[in-house]
């Protein structure tokens, strides 16, 4: 390093130290946010959205927080409170969007701090204007017209110079971005359907979020399909994102033929250049005259059909994006997880038209209530933007991701069990440190091995991916009473929640990708309603009644565990999941569905209600949870203190739900009930040879054992817990999806008591 460089480095470090010192003197809290770059590109002032929790009663973050970069400089940001502002007994979540800068393959830490000072503004801020039929939204690079009569996007303008010059007579897209479907009964598009409804969900200088919903009428007199689109426009960008759902709201099964999104763009030049992304290789490129075209179809995990001007090349796996470039610039369309959600297609022509086949001709039957969600990107770029295609691929599939540091998550108490962060592990004895690290590694590998690699040009596990089973896991029943065929296991025991918690613990974006896929499938398929009731039920052939083999409505609450849906809402900006979680909680409050013949109905019902209460602050959810808890405690007295059941893990699930209730209410009657249930299980089911409460299902008592040790100080609860956790770490081989979701569900809560014990010694 030269003299000038050394001087600059010293000054920078000094400034950072002064900044930190000033904050420390003010007594201000600091929330570390870890950003990871995963596409191999440099990003400057790129919008990043992150969910950040704050501990219950923390007064430092009552106002919208600000964001500082790694040098202590404030960056433009906006923050939305996702939790009830009046809540004092449960943690809160902020959703923060900020402009981050990160180099390729880097990982760095930004900091969220209390928001007293004046907030910095982006150079190309987002501006929203209400019109007679919708909205105008722009950010100096991009301008969109949203119109209820011309959904999804009516018109788009692009200024590559970023000066906000958008001549009315020169739109980059003059024809509406159109959605269409074709069934055996007919065809419908947003251009021919009834008016849409447009709602502004969030507005600020960093981003605007719109909700666009409407009907697609297939045949006169029939109930329509519904589309539900969430559109995000951000500062400093020339692209927009769309989360687009298609939902069968007809009330009956529908045989689908096709679904597509198409648009036409004004690109100058007699000859256009096109490029299609290819996994692990340079893009496929070719020139197109006005009558020329190019495309690709994905029929299966290993079949890709290139067509038009592209020669057949089976080895080239499409990455899910295509671009057209003219004399003065171009446009690109991207579909996230394109190959994994086959069948899919992309097609462009020399006249500036682009088409995404969301569903190829297939004859697929959609049961009533079934949905499909796609993440789309529409990007504009200038003629001088030489890296536009690289960034199109990255923003489609692998933009930078951010998360609050695991240490901070533990401090807030936002999760039911701690994350194995370095600070926690350092407080343990050397032997327990090794065990904690081993369990952290085991759950990471177990979860990724279940699903197989989600992308990166690698072979995907065909059984776990595809249009309707994308992100879910199959399971085969061997019992003689079960009908033959595949059944699905994603809703069981909230596997998506485990995936997202493992991501927070390891900061491995692969777990975030798989977790998002699992949640999307859960919302689209597993929790929908085959009989068109407005409340959710398991549906489609993936969740069949095991005895009859037929699709049936759920009679109880076994699949209702909202932790994954709500955590996805906080971490992934998933509004759809939030709404479904509350629908499920509303069903628990309105409909009988708990039975002591299956304790999972009580545990899932209580957890569903508590999650909804923490998210909304609505007392009715906590009151309904209290009613279920009272039923459990009354029944427990009749059972001599235990939770008798056919499988021990069900008793453990119920005990865990009571632990969650106690964490919120501190009700001593509930603590006594937990202790009675644990003592009963230890007396009747402890296996001295296996060192487990009956079998691996006894691990579900981990949270209850830890709570009892910390509340009562009785050593026996800690010792039983430690022996079970040692068995899991050193002996149990956990491979089945159900066992992974169950056995790791509560085990890390043991380290709360272990840390306390180590500090006392």
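A straight line joining the Cα centroids of segment 68-105 and segment 193-250 runs 26 Å. For the chain, the longest principal axis of the Cα atoms and the long axis of helix 3-26 meet at an angle of about 50 degrees. In a fully extended conformation the segment linking residue 711 and residue 73 would gain 225.3 nm over its present Cα-Cα distance, using 0.36 nm per residue. Can you figure out the FRET efficiency of residue 185 with residue 385, using R₀ = 45 Å and their beta-carbon distance, to the nearest 0.05? Computed FRET efficiency for residue 185 and residue 385: 0.50. With neighbour counts taken as other beta-carbon atoms within 10 Å, the residues 600, 761, 163 rank, fewest first, as 761, 163, 600. Model label sites at residue 365 and residue 426, defined 7 Å from Cα along the beta-carbon direction, differ in position by 6.0 nm. Can you tell me the mean projection area, over all orientations, of the convex hull of segment 28-113's alpha carbons? Units nm², please. Result: a mean projected hull area of 5.4 nm².
Between residue 663 and residue 116, how many nm apart are label points set 7 Å from Cα along the C-beta direction? A separation of 3.2 nm, rounded to one decimal place.
The angle between the Cα long axis of helix 750-760 and the longest principal axis of the Cα atoms of the chain comes to about 60 degrees, rounded to the nearest 10. Cβ crowding within 10 Å, taken as a proxy for footprinting-reagent exposure, orders 158, 643 from fewest neighbours to most as 158, 643.
Residue exposure proxy: 521, 618, ordered by other Cβ atoms within 10 angstrom of their Cβ from fewest to most, comes out as 618, 521.
From the alpha carbon centroid of segment 594-626 to that of segment 133-182 is 44 Å. Assign one of three labels to segment 127-397, namely rounded, prolate or oblate, based on the Cα gyration tensor with a ≥ b ≥ c the square roots of its eigenvalues; rounded applies when a/c is under 1.5, prolate when it is not and a/b is larger than b/c, and oblate otherwise. Verdict is oblate for segment 127-397.
The fraction of Cα-Cα pairs per 20 angstrom bin, counted from 0 for the chain, comes to 16, 49, 31, 5, 0 percent, rounded to whole percents.
At full extension, residue 672 and residue 620 could sit 16.3 nm farther apart than now, given 0.36 nm per residue minus the alpha carbon distance.
With a simple spin-label model that places each label point 7 Å from the Cα along the Cα-to-Cβ direction, the separation between residue 161 and residue 583 comes to 4.9 nm. Protection proxy ranking for 746-756, 248-258, using the average of other Cβ atoms within 10 Å per residue and placing the highest first: 746-756, 248-258.
If the segment from residue 327 to residue 735 were pulled out straight at 0.36 nm per residue, it would be longer than the present Cα-Cα gap by 141.4 nm. Within segment 627-650, what residues put their amide N at less than 17 Å from the label point 7 Å along the Cα-to-Cβ vector of residue 682? Counting backbone N atoms under 17 Å from the label point, the list is 641-643.
How much FRET efficiency would the formula 1/(1 + (r/R0)^6) give for residue 507 and residue 291, where r is the Cβ-Cβ distance and R0 is 51 Å, rounded to 0.05? Rounded to the nearest 0.05, the efficiency is 0.55.
For the chain, the longest principal axis of the alpha carbon atoms and the long axis of helix 563-572 meet at an angle near 40°. Applying 1/(1 + (r/R0)^6) with R0 = 45 Å to the Cβ-Cβ distance of residue 761 and residue 591 gives a FRET efficiency near 0.35.
FYI, it's all coordinate maths here, none of it is from the lab. No experiment lies behind these values; they were computed from the predicted model shown. Neighbour counts run over all protein chains shown; Cβ positions are idealised from the backbone, glycine included.
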